[in-house]
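Asks: Provided herewith is a single structure, encoded as structure tokens, for subsequent inquiry.
Each reported figure results from applying straightforward, stated rules to the coordinates on display, with no laboratory input. Note that the structure is a prediction, hence the values are computed from the model and not measured. Glycine also receives a Cβ, built like all others from the backbone with ideal geometry; neighbour counts cover every protein chain displayed.
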Amino acid sequence: MQAPTINEVEDKYDRKMREKTWENPVTPGAILEEKNAPPPEERTGARDKNRKEKFSQRQPQTEDAPRGTQRNERCKPEATEAFLAALAAHQLDVDGLAAERTLTEEDIPLLFEKWYNHCKDIMGGVPPTMPLLREINHRIPLMDNNKKHCYHMPQCPDSMKPQLMEKIQTYTDNGWWEMKSIPQAAPMLCIPKKTGKLRTVVDLRQQNENMVKDVTPFPNQEQIPEDVA
């Protein structure tokens with residue numbers, strides 16, 4: 001099948017535009033309505049008047065109540081009723097509470113406690129245990145397995161030493177770090193975060209230079225559609 005030329009595409013576009021114009025012609029009445037429309041000044045005045053009317057219909061707040069208190073009190077009962085209705089729709093049963101009966105506000109603390117205990121594994125932070133072994137373990141080949149690296153001594157500011165000792169104690173207790181005697185190791189850099197907390201970074205630049213680079217080229221994105229088609 002031969003692809004259409006540029007002239008054929010332009011002619012087809014012009015033909016569609018002419019058909020669209022004949023289907024929706026501009027009537028003289030529409031032009032008269034546009035001419036008889038009020039000027040922009042009158043439109044702006046009407047819009048400002050509507051804004052003033054809406055502002056005057058707002059309920060005034062008392063001087064004793066803080067700003068936003070009355071609005072929160074008005075929305076609280078409706079939100080509570082919708083929340084309890086959603087609980088009943090899910091047919092929940094907490095501590096012997098039958099979902100068929102109407103739930104009240106007294107049942108909300110029990111529901112929160114039950115949900116928290118049910119999702120405690122994902123709401124309690126990082127578990128103090130080693131992660132599960134994976135089926136696929138990656139290996140990094142080295143150019144010279146007997147190469148000795150000359151690193152500088154690790155340094156830590158005095159203001160961050162308490163945080164570093166606390167982190168070392170936590171990681172060793174959980175089994176994430178182990179205290180061993182080895183001939184060489186990469187130094188750890190203690191860098192402060194924006195919040196003032198400790199960030200530990202390992203200087204692995206010399207080890208990265210000794211690694212065998214993976215120079216596998218990326219697949220050709222243009223060749224993939226041709227092979228699949």
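Asks: Using the Cα centre as the reference, give the magnitude of the dipole from point charges on the C-beta atoms of the stretch 149-229 (Lys, Arg: +1; Asp, Glu: -1; all else neutral), rounded to the nearest 20 debye.
Replies: Values: 9 positive and 10 negative charges, 136 e Å.
Value, rounded to 20: 660 debye.
Asks: Apply the Karplus curve 6.51 cos²θ - 1.76 cosθ + 1.60, θ = phi - 60°, to the phi angles in the stretch 177-189 and return the couplings in whole Hz, x for Gly and Pro.
Replies: Residue by residue, the stretch 177-189 yields 10, 10, 8, 9, 9, 10, x, 7, 7, 6, x, 9, 9 Hz.
Asks: Compute the distribution of all C-alpha to C-alpha distances in the stretch 97-229, in bins of 10 Å from 0, and list the percent of pairs in each, rounded to whole numbers.
Replies: 8, 19, 23, 19, 15, 11, 5, 0
Asks: Whole number please: convex hull volume per residue, Cα atoms of the stretch 159-204, in Å³. Don't skip to the end; give the middle numbers.
Replies: Numbers: hull volume 4.2 nm³, N = 46.
It is 90 Å³ per residue.
Asks: Taking H as built 1.01 Å from N, whose amide H comes closer than 5 Å to the amide H of residue 189, not counting residues under 5 places away?
Replies: Close amide H contacts, sequence-distant or interchain: 201, 202, 203.
Asks: Using the basic label-point model (7 angstrom from Cα toward the beta carbon), what is the residue 130 to residue 178 distance in nanometres?
Replies: 0.7
Asks: May I ask you to order 210-216, 194-200 by the average number of other C-beta atoms within 10 Å around their residues, highest value first?
Replies: Working: 210-216: 9.0, 194-200: 11.1.
The densest-packed peptide leads the list: 194-200, 210-216.
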